[in-house]
Amino acid sequence: MVLHVLDAGRKAGKLDRVVVATDDERIAAAVRGAGGEALMTSAEAASGTDRLAEAAAKIPADVYINIQGDEPMMSAENIDRVAETLLAAPDRRIATLAIPLSADGAPDPNVVKVVVARDGRALYFSRSPIPYFRQGEPAYRKHLGLYAYRAATLAEIARLPPSPLERAESLEQLRWLEAGLAIWVGAAVTDSIGVDTPEDLARTEEILSQCP
């Protein structure tokens, strides 16, 4: 799974360097065996963002992109798109991606939904179907687990304590919204599957087995 993510990162045109941050020697060995770069981080990291912040302390850069290891179908085009979304304006500090979601997929709590303002800022993320459509045709957006951060912002959010909404939904990005930080949402080029359940894994393996 991680090697698929590593491959996407290598194919992305906007990245100068791709590093797999992990606390598992088996993952590090697999990455190095595939010719990739691995960095060992603490097993105490509470989230992927915390792990990235720890890695960032050893790898100076202006912008960091967090490509989660449980997203083996994340495309290089999406990685470039999230970088473009962040860099579209100098005052943007955090960026992510979303893609239209069918009404049938909206009730799944493992699929995170996002509501976006007209200017592209995230208003809220939830595991519940949002918004609630009392009138009109439902139109949901699925959030993809991919983030871009300015270096100073990554260091800032890594110091934030867990927040009430974050605990309620088990979504770390709500901590940033509660702290008053804007998250800019770009349009994903392709969909991806976050592998959270055995069903997700089986579905992902089936799709990847059909890829050339």
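Every read-out reported here was derived from the displayed coordinates using simple, explicitly stated rules and does not represent laboratory data. Since the model is a prediction, treat every value here as computed from it, not as a measurement. For neighbour counting, all protein chains shown are included, and Cβ atoms are generated from backbone atoms with ideal geometry for every residue, glycine included.
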Options P109, G180, A168, ranked by Cα towards positive dipole end of segment 102-185, top entry (Cβ charges): G180
Give the residue from I67, S42, N78 lying farthest towards the positive end of the charge dipole for segment 37-79; charges sit on Cβ (+1 for Lys and Arg, -1 for Asp and Glu) and the dipole is referred to the Cα centre. S42
Tell me, in nm to one decimal, what length is gained between I59 and Q135 on full extension, where the rule is 0.36 nm per residue of separation less the Cα-Cα distance? 22.4 nm
Treating only Lys and Arg (+1) and Asp and Glu (-1) as charged, each at its beta carbon, one finds that the chain has a dipole about its Cα centre, in Debye to the nearest 20, of 620
Projected label distance in nm at K14 and S128, using a 7 Å step from Cα toward the beta-carbon: 3.2
Here P(r) for segment 1-117, Cα-Cα distances in 5 Å bins, as whole percents, is 2, 10, 18, 22, 21, 14, 9, 4, 1
